[in-house]
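Heads up: the structure comes next, in structure tokens.
The values are calculated or read from the model by the stated rules, or taken from the named source; none is laboratory data. A quick note: this is a predicted structure, and the numbers were derived from the prediction, not measured. Here the Cβ is made from the backbone with ideal geometry for all residues, glycine too, and neighbour counts use every protein chain on show.
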Amino acid sequence: MIEAQGLTKRYGRKAAVSGLDFRVEPGRVTGFLGPNGAGKSTTMRMILGLDLPTSGTVTVNGRRYQGTVWPLHQIGALLDARAVHPGRSAYNHLHSLAAANGIPRSRVEAVLDQVGLTPVARKRAGGFSLGMAQRLGIAGALLGDPGILLFDEPVNGLDPDGILWIRTLMRSLAAEGRTVLVSSHLMSEMALTADHLLVIGQGRLLADTPLNELIARDAANRVEVRAVDHHRLADDLRTLGGDITLKPDGTLLVTGLDSASVGELAAARGHVLHQLRDVTSSLEDAYFRLTENSVVYRTPVPA
């Protein structure tokens with residue numbers, strides 16, 4: 001288990017991470033989400049002891065991870081797939097990690113096979129594609145058979161078959177009772193992989209919730225309705241407390257009211273409706289609404 005209490009990291013006057021409190025529990029895949037610059041990588045580096053907190057604490061199974069004698073036996077991490085000496089073969093890279101952590105040579109062969117790199121085990125890592133480098137990084141994370149796995153953008157560079165493989169791997173690791181924390185910007189993939197979500201923005205915690213609850217909460221009280229006189233209906237719904245967005249086709253998107261309230265108002269005030277339905281939501285929808293005020297690097301909209 002990973003636990004953070006008041007975790008803060010400042011660089012001069014800038015707070016990269018500010019007062020994070022969370023727990024990453026075993027037996028489930030926890031997705032770690034947030035816009036660029038939100039503080040995800042900094043948080044992962046503090047978990048691993050690569051960066052020291054300015055204040056607060058983060059512990060691994062109740063203890064600080066920094067200074068662990070055999071670190072790969074406790075946490076396996078993939079933070080940068082290219083952090084490999086380009087002149088070393090995949091086998092020699094893993095063998096050096098194994099030797100430094102008291103891991104038998106047989107384990108090197110096992111993880112190479114597990115990630116599908118046995119055919120290129122003796123080739124230099126500098127010639128690997130990004131997808132192959134990701135597989136090698138994942139092999140390094142698995143090498144010590146740890147109880148905790150940290151993956152930062154693990155599907156970058158993977159083809160569809162590779163994405164399915166890493167998704168299945170992460171879920172199987174969690175099913176074995178391991179703690180799995182994975183950051184990603186691919187909402188569609190997180191929706192298929194994660195059980196629980198930590199969402200941060202500008203260094204602060206925005207959500208710590210099961211994935212299904214976040215999506216359900218986002219979908220609640222969002223209704224689409226079409227009427228003969230949509231302008232009059234919009235005015236009436238606003239008096240009831242609804243927030244109304246008019247779509248180009250005349251459909252009203254109503255937030256703050258459920259479909260029953262909209263239907264009852266329409267009946268009471270003589271509106272003829274052509275459509276009334278609850279809006280389904282996705283993780284992407286929920287994520288954008290949750291982080292809309294926390295985006296640091298926003299792309300300009302073309303004129």
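Go through (1) more than 24 Å from VAL60 (Cα to Cα); (2) assigned by TED's automatic domain parsing to the domain that holds VAL84 for LEU142 and report which single condition fails.
The one condition LEU142 does not meet is (1).
Okay, residues lined up against (1) assigned to a loop (DSSP other than H, G, I, E, B); (2) of a type in the set (A, V, I, L, M, F, W, C); (3) farther than 23 Å from VAL24 by Cβ:
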residue: ILE103; (1), (2), (3): yes, yes, yes
residue: GLU109; (1), (2), (3): no, no, yes
residue: LEU150; (1), (2), (3): no, yes, no
residue: GLY157; (1), (2), (3): yes, no, yes
residue: LEU198; (1), (2), (3): no, yes, no
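Just the residues that are within 28 Å of PRO86 (Cβ to Cβ) and not in a loop (DSSP other than H, G, I, E, B), please, taken from the range 137-148.
GLY137, ILE138, ALA139, GLY140, ALA141, LEU142
Go through (1) surrounded by 13 or more Cβ atoms within 10 Å (Cβ to Cβ); (2) aliphatic (A, V, I, L, M); (3) without any contact (Cβ under 8 Å) to a residue 12 or more places away in the chain and name the single condition ALA38 misses.
Status for ALA38: all satisfied but (3).
Could you say whether any residue in the range 56-72 is touching a Ser or Thr at 6+ places or on another chain (Cβ under 9 Å), in the same structural domain as ALA121 (by TED's automatic domain parsing) and within 30 Å of PRO119 (Cβ to Cβ)?
no
Looking only at the range 170-196, which residues are part of a helix (DSSP H, G or I), over 26 Å from GLY62 (Cα atoms) and of a type outside the set (Gly, Ala, Ser)?
MET187, GLU189, MET190, LEU192, THR193
Which residue out of ARG122, ARG64 is more than 23 Å from the chain's Cα centre (by Cα), on the phi < 0 side of the Ramachandran plot and modelled with pLDDT under 90?
ARG64
Of the numbered conditions (1) modelled with pLDDT under 95; (2) β-branched (Val, Ile, Thr); (3) under 28 Å from ALA16 (Cβ atoms); (4) outside any helix (DSSP H, G or I), ILE166 satisfies every one except a single condition; which is it?
Looking at each condition in turn, ILE166 falls short on (4).
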